[in-house]
Amino acid sequence: MQRYMISIFYCVPIIVAIIDNNLIYFSIIMSYTKKPLIGIIMGSSSDSKIMNDAAEILDKFKIKHEDQIISAHRTPSRLEEYAKHAENMGFKIIIAGAGGAAHLPGMIASHTILPVIGVPIMVYNDKQSKKLENMKFSSFGGLDSLLSISEMPNGSPVVAVGINKAGNAGIYAMKILANEFPELKKKLKQYKLDQHDSVLKESESLKKQGLSKFVQKKFK
Ligand code: RP5
């Protein structure tokens, strides 16, 4: 079976002609740039710096998102309200970050059928200090949060990315959305090509300068 998509109008909504087994049919693809499609939530304002990596990816791909703080432990009643709000808003995906016992992603998933991508966050408890070396990390270095999110019981899955890897949550969300929005598929392919090119560029420069000079320059 052969499938082609021809974009007729590059405006919103986009109308595409789909040629499938010699049959032509038209389909309207709504633009993904007009309204928030993703809800980003986090358990505390202290998670915001890490969760911003997810927002940056979404912004790069021009996907609107709505960002909120919802604490599973401190604002439990808001959890259920938020799940309803996310569905009413037409969000396609929720990205939820939390540290420590990290119940937020799992609890949100239990209130909605929307896919939830959980970001385990390594908690630090010296909020006054801006210097990384002065921060005191939680005893389990984020493993507590990773296990809380990934070890959801049967029937209530939450996808977990690596500890503090909110950017990956953003990319994964783009991959899910790309099934619905062909333009996003193209952008993801380009993103991969850019990654490839940037490794080649670095490798060329390493080869040219030699390892010791390269390291001196890169880590100065
Ligand atoms: C979790 O507790 C939050 O997600 C955060 O990562 C952690 C610490 O919260 P704060 O004490 O910094 O507010 O609920």
How big is the gap, in Å, between the Cα center of region 142-172 and the Cα center of region 66-89?
18 Å
Shape descriptor, region 46-119: equivalent ellipsoid semi-axes (Cα gyration tensor, sqrt 5λ, whole Å, largest first) stand at 19, 16, 10
Cα pair distances of region 64-220 binned at 5 Å [whole percent]
2, 8, 13, 15, 15, 13, 12, 11, 6, 3, 2, 0
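Could you put 208, 192 in order of accessible surface area, largest first, with the 1.4 Å probe and the full protein assembly present? Display every interim value, and only then the final one.
Working: 208 180, 192 125 Å².
The most accessible residue leads, giving 208, 192.
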For residue 93, residues with placed amide H under 5 Å, excluding near neighbours
39
Which whole-Hz ³J(HN,Hα) couplings does region 46-57 yield from phi under the Karplus relation 6.51 cos²θ - 1.76 cosθ + 1.60, θ = phi - 60°, glycine and proline marked x?
5, 8, 5, 5, 5, 5, 4, 4, 5, 4, 4, 5
Semi-axes of the equivalent ellipsoid for region 133-220, Cα gyration tensor, largest first, Å:
33, 26, 9
The Cα radius of gyration of region 172-215, divided by 2.2 N^0.38 Å with N its residue count, comes to 1.71
Counting only residues 5 or more apart in sequence or on a different chain, those whose built amide H sits under 5 Å from that of residue 160 are 118
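The values are calculated or read from the model by the stated rules, or taken from the named source; none is laboratory data. These numbers were taken from a predicted model, which means no experiment stands behind them. In case anyone asks, the SASA skips ligands and DNA or RNA and just uses the protein heavy atoms, side chains included. Shrake-Rupley method; radii C 1.70, N 1.55, O 1.52, S 1.80 Å.
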